[in-house]
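What follows is a set of notes on a single structure, which appears directly below.
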Amino acid sequence: MPVVSATSKFAPLGVLVAHCTLAFINGFTWANYSPVPNQAKVVFDMTHTQLNWLLASYTAVWIPAILPSTMTQQRYGPVRTLLAASLLNLAGCALKLAALLWFPNFWWCLLGQTLCGASEVFFLSLPPLLASSWFDERHRGTVTAVASLSNSVGVALALGITAPIVEATADPRDGFRGIMIAQGALSLFSLLLVLLLPAAPAEAPSLTASKPLPLSELVPAVKRLLRHRNFLLLVVAQAVFIQNLWTFDGIFVQAVQPFGVSQVDAGVMTSMFTIVGALGQFVMGKLVDRSRDPYPFIVGCYSASVGAISVVSLAMAVAGDVTVAGYIAMPLLGVFALSSCPAVYEFVMEVVYPIPAAAALGINFMTPRVTLGTAMYQIASALLTNHPTRDDGMKTVLFFLCALMAGSLVMIVGVRNERNRLAAEMAMDPATEEWVATSLPPERSGLVQGTPTTTKSAEAPPV
């Protein structure tokens, strides 16, 4: 029985806080081992290959988990999906702590890491659905951005503080113990908060608010999406762009080392990429809310991202100072590339409306991880070789710049700027030439529980 009333003005904020807490700590758990590989291999009796598998488990688990995740979103909405995600993440944190205290071996670590990875499948695609279900049209972009950036902040913090904490203790087990207890406590907080919240708001926050729908609508929705050419082109463009982005960030240190960039400098650059990018996502959310038209921002971000990577490749080509170029390019890449994410998520909601969002978001998030994740890392490894030279680094940067980032820009330019959700919410009155709210479609006039729904008038989009 929820403690917070569905009519409470604090309920939407509670849902957002629960999601952000879970996303933050889940991102932190992903990077539990990679910042301190030497200590992790000793404490947990692992090899270097096994350590890499702990990172890869977050991607591999998408294949079995995406269907139950999408079904849960479709049938029960974001709050109950958050409940499932919180349970998975807490169980994963508990197993990882058990591996540290009693069962220090790779398989216990892998099981815990896989459960945390499965949690990500449930919550990572939730931000636009959560925003549409609980917030009105004036705040959806900002809410999507805040919910999206929380995971990146968790990853950035883990990469920044894990090594100092573990290395500051005489026994690295003590450092790991403090970290894992803290992340377990935050996971428990997220779970308890979700349990206090209602499953759905008492009234639809906008004319096009998402709501839980029967599972019988899921398969027809997927069929419609697979015939939706504009959506499919958007998905491919975003998949190539975002997976290329994270692959480039992951191999950046190796690519620039032959040019005299130290590991410390390269590490700071990649950390700045994530942190500055999180700030950029928040600003993007505000811009999308004001314009109600995310598409131009997406094209602009993709174009600027190509320019940011070009700074590094140009410095390599003319034998310039790659360290200085990296300190310029990586924060810029974070600002523009990561900022595109909330805009894309909101644009997906516009393009597919009135098709149920759960299926569209599941396809959009699954595609880069399942189809491109492993392949891109393998390509990067082949280009860099085991002992990268300047030529290898240059070829790698050019491949990710020309073949992938520029390719995704070309594809996104080919996407039509469909604003179906806005058209359903607003209409131009020819007599007054003013924007007015349209009536609520009958099929979306009530919650799944059958309770009556009232709607709020939409504000006119800015001119």
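The values are calculated or read from the model by the stated rules, or taken from the named source; none is laboratory data. Quick caveat, the model's predicted, so the values are computed rather than measured. Ideal geometry is used to build each Cβ from the backbone, glycine not excepted, and the neighbour counts take in all protein chains shown.
For segment 13-26, the criterion of being surrounded by 21 or more Cβ atoms within 10 Å (Cβ to Cβ) and under 19 Å from residue 98 (Cβ atoms) is met by at least one residue. When the criteria are applied in full, residue 407 fails the requirement of being in contact with a helix residue (DSSP H, G or I) (Cβ under 8 Å, 6 or more places away or on another chain) and either surrounded by 19 or more Cβ atoms within 10 Å (Cβ to Cβ) or without any contact (Cβ under 8 Å) to a residue 24 or more places away in the chain (or both).
Can you spot a residue in segment 133-144 that is over 26 Å from residue 67 (Cβ atoms), in a helix (DSSP H, G or I) and of a type in the set (Asp, Glu)? Checked segment 133-144: no residue is over 26 Å from residue 67 (Cβ atoms), in a helix (DSSP H, G or I) and of a type in the set (Asp, Glu).
Does residue 29 satisfy being surrounded by fewer than 16 Cβ atoms within 10 Å (Cβ to Cβ) and at negative phi?
On the way: surrounded by fewer than 16 Cβ atoms within 10 Å (Cβ to Cβ): no; at negative phi: yes.
It is false that residue 29 is surrounded by fewer than 16 Cβ atoms within 10 Å (Cβ to Cβ) and at negative phi.
Tell me, which helices (runs of 4 or more DSSP H) wholly within segment 384-428 include 1 or more residues that are touching a Pro at 6+ places or on another chain (Cβ under 9 Å) and either modelled with pLDDT under 85 or farther than 26 Å from residue 305 by Cβ (or both)?
390-398, 420-425
Every residue, every condition in (1) modelled with pLDDT of 90 or more; (2) under 28 Å from residue 77 (Cα atoms); (3) surrounded by 21 or more Cβ atoms within 10 Å (Cβ to Cβ); (4) not assigned by TED's automatic domain parsing to the domain that holds residue 296, yes or no:
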site: 208; (1), (2), (3), (4): no, yes, yes, yes
site: 220; (1), (2), (3), (4): yes, yes, no, no
site: 223; (1), (2), (3), (4): yes, yes, no, no
site: 227; (1), (2), (3), (4): yes, yes, no, no
site: 235; (1), (2), (3), (4): yes, yes, yes, no
site: 242; (1), (2), (3), (4): no, yes, yes, no
site: 257; (1), (2), (3), (4): no, no, no, no
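Inspect all residues belonging to segment 108-130 and state whether any of them is out of contact with any strand residue (DSSP E or B) (no Cβ under 8 Å at 6 or more places or on another chain), not in a helix (DSSP H, G or I) and not hydroxyl-bearing (Ser, Thr, Tyr). Yes; the residues of segment 108-130 include at least one that is out of contact with any strand residue (DSSP E or B) (no Cβ under 8 Å at 6 or more places or on another chain), not in a helix (DSSP H, G or I) and not hydroxyl-bearing (Ser, Thr, Tyr). Residues in segment 32-46 that are surrounded by fewer than 16 Cβ atoms within 10 Å (Cβ to Cβ) and assigned to a helix (DSSP H, G or I) were compared, and the one that is modelled with the lowest pLDDT is 37. Return the pairs, sorted by first residue and then second, in which the second residue is loosely packed, with under 15 Cβ neighbours inside 10 Å, the first residue lies in segment 196-218 and is in a loop (DSSP other than H, G, I, E, B), the beta carbons are less than 7 Å apart, and the residues are 6+ apart or on different chains. The qualifying pairs are 198/5; 202/7; 203/454; 207/438; 211/448; 212/448. Cβ separations smaller than 6 Å between residues 6+ apart or across chains give the following pairs from segment 351-362 residues that are at negative phi to residues that are part of a loop (DSSP other than H, G, I, E, B) and acidic (Asp, Glu): 351/418.
Counting the residues of segment 294-326 that are modelled with pLDDT of 90 or more and in contact with an Asp or Glu (Cβ under 9 Å, 6 or more places away or on another chain) gives 2.
Does segment 154-167 contain at least one residue that is of a type in the set (Gly, Ala, Ser), in contact with a helix residue (DSSP H, G or I) (Cβ under 8 Å, 6 or more places away or on another chain) and at pLDDT 90 or above? Spell out how you get there, then give the answer.
Our first condition is that a residue be of a type in the set (Gly, Ala, Ser); within segment 154-167, this holds for 154, 156, 158, 160, 163.
Going one step further and asking which of them are in contact with a helix residue (DSSP H, G or I) (Cβ under 8 Å, 6 or more places away or on another chain), we end up with 154, 156, 158, 160.
Among the residues that remain, those that are also at pLDDT 90 or above are: none.
Checked against the condition, which is being of a type in the set (Gly, Ala, Ser), in contact with a helix residue (DSSP H, G or I) (Cβ under 8 Å, 6 or more places away or on another chain) and at pLDDT 90 or above, segment 154-167 yields no hits at all.
Summed over segment 169-196, residues that are over 19 Å from residue 87 (Cβ atoms) and either in contact with a Cys (Cβ under 9 Å, 6 or more places away or on another chain) or not hydrophobic (A, V, I, L, M, F, W, C) (or both) total 8. Which condition breaks for residue 311 when tested against (1) without any contact (Cβ under 8 Å) to a residue 24 or more places away in the chain; (2) surrounded by fewer than 16 Cβ atoms within 10 Å (Cβ to Cβ)? Going through the list (1) without any contact (Cβ under 8 Å) to a residue 24 or more places away in the chain; (2) surrounded by fewer than 16 Cβ atoms within 10 Å (Cβ to Cβ), residue 311 breaks only (2).
Among the candidates 29, 49, 21, the residue that is out of contact with any helix residue (DSSP H, G or I) (no Cβ under 9 Å at 6 or more places or on another chain) and assigned to a helix (DSSP H, G or I) is uniquely 49.
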